[in-house]
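Peer 1: If you scroll down you'll find the structure; I have some questions about it.
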Amino acid sequence: MSMIERHSRVTLHYRLGLTDDSVLEDNFEEEPMTVTLGQGEMAEGLELALIGLRPGDEQTIDIGPDLAFGFIDKNLVRSLPRGDFNPSMELERGLIVEFANEGGDTLPGTILDFDENEVRVDLNHPLAGQTVRYSVKILAVETDPVDPETLH
């Protein structure tokens, strides 16, 4: 049986939650996910924890902010003009809204508070600063040699 290595292609079921046992994502009852390690498709800590596992292995892994979704950066809390938001959008605290950055990529922002003039938004990842818990079941591993230069 193949063992997961740094650039393996891995098919797995996963559950993402918090250490209080709340579940945020779960694909155990759906199609499995296939990823290639080293391409940034998963949290770095999860990729590192998968190395050495084999098909059939199941594991629960707690990953701290340093290797999951990062620490909270207070510089990413911004006040934006209310006019930047669609007037028909019903704002509420805790609402997660997608924003586009200068490069055209989207990132989530959480509404902290607002009034008729401004909207305070936290652009940190919603899971920043938290330890997350992944439960995984490895279904298949392909370990064909991969040229890291072709992974870009």
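The values are calculated or read from the model by the stated rules, or taken from the named source; none is laboratory data. All figures in this text were calculated on a predicted structure; none of them were measured in a lab. Note that each Cβ is placed from the backbone with ideal geometry, even for glycine, and that neighbours are counted across all protein chains shown.
Each row is one residue, and each column tells you yes or no for (1) out of contact with any strand residue (DSSP E or B) (no Cβ under 6 Å at 6 or more places or on another chain); (2) at pLDDT 95 or above; (3) buried (at least 16 other Cβ atoms within 10 Å of the Cβ); (4) farther than 21 Å from Val136 by Cα.
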| site | (1), (2), (3), (4) |
| --- | --- |
| Gly17 | no, yes, yes, no |
| Phe28 | no, yes, no, no |
| Ala49 | no, no, yes, no |
| Thr60 | no, yes, no, no |
| Pro87 | yes, no, no, yes |
| Phe99 | no, no, no, yes |
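Peer 1: Could you list, in sequence order, the residues of the range 90-135 that are within 15 Å of the chain's Cα centre (by Cα) and among the aliphatic types (A, V, I, L, M)?
Peer 2: Ile96, Leu107, Leu123, Leu127, Ala128, Val132
Peer 1: Collect the residues in the range 44-77 that are under 15 Å from Ser135 (Cα atoms), in a loop (DSSP other than H, G, I, E, B) and of a type in the set (Gly, Ala, Ser), keeping them in residue-number order.
Peer 2: Those that are under 15 Å from Ser135 (Cα atoms), in a loop (DSSP other than H, G, I, E, B) and of a type in the set (Gly, Ala, Ser): Gly56, Gly64, Ala68.
Peer 1: Please find, among Ala68, Ala49, the residue that is touching a Phe, Trp or Tyr at 6+ places or on another chain (Cβ under 8 Å) and under 20 Å from Leu18 (Cα atoms). Show your work before the answer.
Peer 2: Details: Ala68 fails: touching a Phe, Trp or Tyr at 6+ places or on another chain (Cβ under 8 Å).
So the residue among Ala68, Ala49 that is touching a Phe, Trp or Tyr at 6+ places or on another chain (Cβ under 8 Å) and under 20 Å from Leu18 (Cα atoms) is Ala49.
Peer 1: Condition first: without any contact (Cβ under 8 Å) to a residue 12 or more places away in the chain, charged (D, E, K, R) and within 29 Å of Gly17 (Cα to Cα). Now tell me which residues in the range 75-128 satisfy that. Don't jump to the end; show me each part of the working.
Peer 2: First, pick out the residues of the range 75-128 that are without any contact (Cβ under 8 Å) to a residue 12 or more places away in the chain: 75, 83, 86-90, 98, 100-106.
Narrowing the set further to residues that are charged (D, E, K, R) leaves 90, 98, 102, 105.
Answer for the range 75-128, where residues must be without any contact (Cβ under 8 Å) to a residue 12 or more places away in the chain, charged (D, E, K, R) and within 29 Å of Gly17 (Cα to Cα): Glu90, Glu98, Asp105.
Peer 1: Sticking with this one: Residue by residue through the range 16-43, note down the ones that are within 13 Å of the chain's Cα centre (by Cα), touching a residue at least 24 places away in the same chain (Cβ under 8 Å) and not in a strand (DSSP E or B).
Peer 2: Of everything in the range 16-43, just one residue is within 13 Å of the chain's Cα centre (by Cα), touching a residue at least 24 places away in the same chain (Cβ under 8 Å) and not in a strand (DSSP E or B), namely Ala43.
Peer 1: Looking at (1) within 25 Å of Ser135 (Cβ to Cβ); (2) small (Gly, Ala, Ser); (3) at pLDDT below 95, which is the only condition Gly103 fails?
Peer 2: (1)
Peer 1: Separate question: Please go through the range 1-15 and give me each residue that is surrounded by 12 or more Cβ atoms within 10 Å (Cβ to Cβ) and not in a strand (DSSP E or B), ordered by number. Outline the logic, then answer.
Peer 2: First, pick out the residues of the range 1-15 that are surrounded by 12 or more Cβ atoms within 10 Å (Cβ to Cβ): 2-15.
Within the range 1-15, Ser2, Met3, Ile4, Glu5, Arg6, His7, Ser8 meet the criteria.
Peer 1: Moving on. Please determine whether any residue of the range 136-148 is buried (at least 16 other Cβ atoms within 10 Å of the Cβ), at pLDDT 90 or above and farther than 18 Å from Met42 by Cβ.
Peer 2: no
Peer 1: Just checking, how many residues over the range 78-108 are of a type outside the set (S, T, N, Q) and either touching a helix residue (DSSP H, G or I) at 6+ places or on another chain (Cβ under 7 Å) or not in a loop (DSSP other than H, G, I, E, B) (or both)?
Peer 2: Just the residues of the range 78-108 that are of a type outside the set (S, T, N, Q), to begin with: 78, 80-85, 87, 89-100, 102-105, 107-108.
Cutting the leftovers down to either touching a helix residue (DSSP H, G or I) at 6+ places or on another chain (Cβ under 7 Å) or not in a loop (DSSP other than H, G, I, E, B) (or both) gives us 78, 80-84, 96-100, 107-108.
So the answer is 13.
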